[in-house]
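Any read-out appearing in this document is the output of simple, stated calculations on the displayed coordinates, not a laboratory observation. Only a predicted model underlies this, so the values are computations on that prediction, with no experimental measurement involved. Glycine also receives a Cβ, built like all others from the backbone with ideal geometry; neighbour counts cover every protein chain displayed.
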Amino acid sequence: MAGFMDRAREQAQRGLHQGKQKLDEVQAQRAGGDLLKKLGAAYYAEQRGSGSAEATQKTLQALESHIAEHGDSFLPK
């Protein structure tokens, strides 16, 4: 009986770990998508004259940092 409980506990822990990994991936994808939207908005504002090149550059740097840490799988192909 103890062997069964140990295996069940291990399997549950594995499932929790996999679930956390998936949640982290989804959150990183959403954050990347949000940064992409912010970059588009900053660029649009810059082109219309109501934004600055500095704001666009700052957003681009934030996006590049995110890509360096989490990868670029959220980018459209």
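Could you tell me which numbered condition Gly33 fails, if it satisfies all but one of (1) touching a helix residue (DSSP H, G or I) at 6+ places or on another chain (Cβ under 8 Å); (2) in contact (Cβ under 8 Å) with a residue 24 or more places away in the chain; (3) of a type outside the set (Phe, Trp, Tyr)?
The number of the failed condition is (1).
May I ask you to list the residues in the range 45-77 that are among the charged types (D, E, K, R), within 12 Å of the chain's Cα centre (by Cα) and in a loop (DSSP other than H, G, I, E, B)?
Within the range 45-77, Asp72 is the sole residue that qualifies.
Considering each residue of the range 1-54, count those that are surrounded by 14 or more Cβ atoms within 10 Å (Cβ to Cβ) and of a type in the set (Gly, Ala, Ser), and give that number.
7
Which pairs do you get when a residue that is without any contact (Cβ under 8 Å) to a residue 40 or more places away in the chain and within 17 Å of Glu25 (Cα to Cα), found in the range 52-77, comes within reach of a residue that is surrounded by 11 or more Cβ atoms within 10 Å (Cβ to Cβ) and not small (Gly, Ala, Ser), reach meaning Cβ atoms under 6 angstrom, with the pair 6+ apart or on two chains?
Leu63/Leu35; Leu63/Leu39; His66/Leu35
Return the residue satisfying two criteria in turn: it lies in the range 1-44 and is under 14 Å from the mean Cα position of the chain (by Cα) and hydrophobic (A, V, I, L, M, F, W, C), and of such residues it is nearest to Ala62 (Cα to Cα).
So, considering only residues that are under 14 Å from the mean Cα position of the chain (by Cα) and hydrophobic (A, V, I, L, M, F, W, C), the one nearest to Ala62 (Cα to Cα) is Leu35.
Pairs, please: C-beta under 9 Å, at least 6 apart or cross-chain, first residue without any contact (Cβ under 8 Å) to a residue 60 or more places away in the chain and in the range 17-29, second hydrophobic (A, V, I, L, M, F, W, C) and not in a helix (DSSP H, G or I)?
If the second residue must be hydrophobic (A, V, I, L, M, F, W, C) and not in a helix (DSSP H, G or I), the pairs left are Ala28/Phe74; Gln29/Phe74.
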